[in-house]
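The values are calculated or read from the model by the stated rules, or taken from the named source; none is laboratory data. These numbers were taken from a predicted model, which means no experiment stands behind them. Cβ placement follows ideal geometry from the backbone for every residue including glycine, while neighbour counts extend to all protein chains displayed.
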Amino acid sequence: MLKHKLTRKFLLYVFFSGFAALVNFASRFLYEALPGVSFEGAVALAYISGMAVNFAFSKWITFQAAESGRLRREAIKFLVVASVGLLTTLTVAAAALRAFLWAAPGFEDRVGLSFDRQTLAALAHLAGMAAGLVANFLGHELISFRRTGIAERISALWSREKKL
């Protein structure tokens, strides 16, 4: 039962994150066209754009937390989890681009296919997005839209410190 529920949630997350991923992926090209914005900067800005879309789908559809009454708390936890996802996405995308650029000349010699930098950057961005998808799902499933008691513990600590 739990496995089925997690599989269903993951499939919903993948499906609805697809639109957020399209926003993420397409907006990178727009951000990268801005003067002074690097590949890594464009990936980060695109991730933030997709994250806003993803929050709405995740809260109201995938994790069915529309009536939780904890919007601010969930948004903060979502941002924390998404920050880990951003680091994952950015790290994997940057590493993949460097690896692709390093391997491209040898690949062209052996296979006869060549890819321009833009194509390699797009593939690297997709690899980063895939890694971020898994990291985000796990974090949102375990933290974002679940009552974890973290806010209550922080509040209790804050109250004790104020009394001292």
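Out of all the residues in the range 88-114, which are hydrophobic (A, V, I, L, M, F, W, C) and modelled with pLDDT under 80?
107, 111, 113
Tell me, which residue of the range 49-81 that is touching a residue at least 60 places away in the same chain (Cβ under 8 Å) and of a type in the set (A, V, I, L, M) is farthest from residue 10 (Cα to Cα)?
80
Scan the range 52-70 residue by residue and report those that are among the hydrophobic types (A, V, I, L, M, F, W, C) and modelled with pLDDT of 75 or more.
52, 53, 55, 56, 57, 60, 61
Return the residues of the range 68-110 that are among the charged types (D, E, K, R) and farther than 19 Å from residue 142 by Cβ; say none if nothing qualifies.
Residues satisfying the conditions are 72, 98, 108, 109, 110.
Take residue 75 and tell me if it is at pLDDT below 85 and small (Gly, Ala, Ser).
For residue 75, the condition - at pLDDT below 85 and small (Gly, Ala, Ser) - is met.
If I filter the range 10-42 down to residues being at pLDDT 90 or above and β-branched (Val, Ile, Thr), which single residue comes out as surrounded by the fewest Cβ atoms within 10 Å (Cβ to Cβ)?
37
Restrict the check to the range 66-89 and report whether at least one residue is assigned to a helix (DSSP H, G or I), surrounded by 14 or more Cβ atoms within 10 Å (Cβ to Cβ) and of a type in the set (Lys, Arg).
Yes - at least one qualifying residue is present in the range 66-89.
To keep it simple, each residue is scored yes or no on (1) under 15 Å from residue 132 (Cβ atoms); (2) touching a His at 6+ places or on another chain (Cβ under 8 Å).
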site	(1), (2)
51	yes, no
56	no, no
63	no, yes
69	no, no
72	no, no
78	yes, yes
81	yes, yes
90	yes, no
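Filtering the range 33-48 down to residues that are touching a residue at least 40 places away in the same chain (Cβ under 8 Å) and closer than 16 Å to residue 119 by Cα, which residue is nearest to the chain's Cα centre (by Cα)?
Filtering the range 33-48 for residues that are touching a residue at least 40 places away in the same chain (Cβ under 8 Å) and closer than 16 Å to residue 119 by Cα, the one nearest to the chain's Cα centre (by Cα) comes out as 43.
Among the residues of the range 27-42, are any within 24 Å of residue 10 (Cβ to Cβ) and either touching a strand residue (DSSP E or B) at 6+ places or on another chain (Cβ under 7 Å) or assigned to a helix (DSSP H, G or I) (or both)?
no
Does residue 155 count as assigned to a helix (DSSP H, G or I) and either at pLDDT below 85 or within 18 Å of the chain's Cα centre (by Cα) (or both)?
The answer is yes for residue 155.
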